Amino acid sequence: MAESPENAAAAPAPPAAPAPAPAPATKPSPPTRSGIPPRYDLDAKWDACLDLSIRRVAYSSLAGAFGGLILFRSPTTRWASVALGAGVGIGAAFTECSYIFNGSPPKWSAKASTVPAHSEGGDN
């Protein structure tokens, strides 16, 4: 039996397959110029340490100057507060740079000694 054109048009078309979702693009971290792993790249460590030191000393000195301006009237004590702020900045920068170069300090645990106590009496 021949199908009429009306019946052929009424028949549903098969559903089209959905397009596959695009895969997420993973971007690998760019290699350093020299190919040295970041753990051993001293140039990057020195750059980070220098940047950190300049910022910490400048910000701490400004905080000391602002505090000295508000709290003290004498120029000598104002300069002393600037020097104190600079010292705090230098100390903070030194501590952070030592962590950058040497890694974090070791974590010591408070374990009891396993050595038996020495008795005062003789071993006769």
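The values are calculated or read from the model by the stated rules, or taken from the named source; none is laboratory data. What you are looking at is a predicted structure, and each value in this text was computed from that prediction instead of being measured. Neighbour counts are summed over all protein chains in view; Cβ atoms, including those assigned to glycine, are modelled from backbone coordinates with ideal geometry.
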Check your understanding: Residue check, Ala86 against (1) modelled with pLDDT of 95 or more; (2) over 18 Å from Leu50 (Cα atoms), all met but one. Which one?
Key -> (2)
Study note, to complete from the structure: Within the range 64-101, residues surrounded by 14 or more Cβ atoms within 10 Å (Cβ to Cβ), farther than 30 Å from Leu42 by Cα, in contact (Cβ under 8 Å) with a residue 12 or more places away in the chain and of a type outside the set (Ser, Thr, Tyr) come out as Gly64, Ala65, Gly67, Gly68, Arg78, Ala80, Val82, Leu84
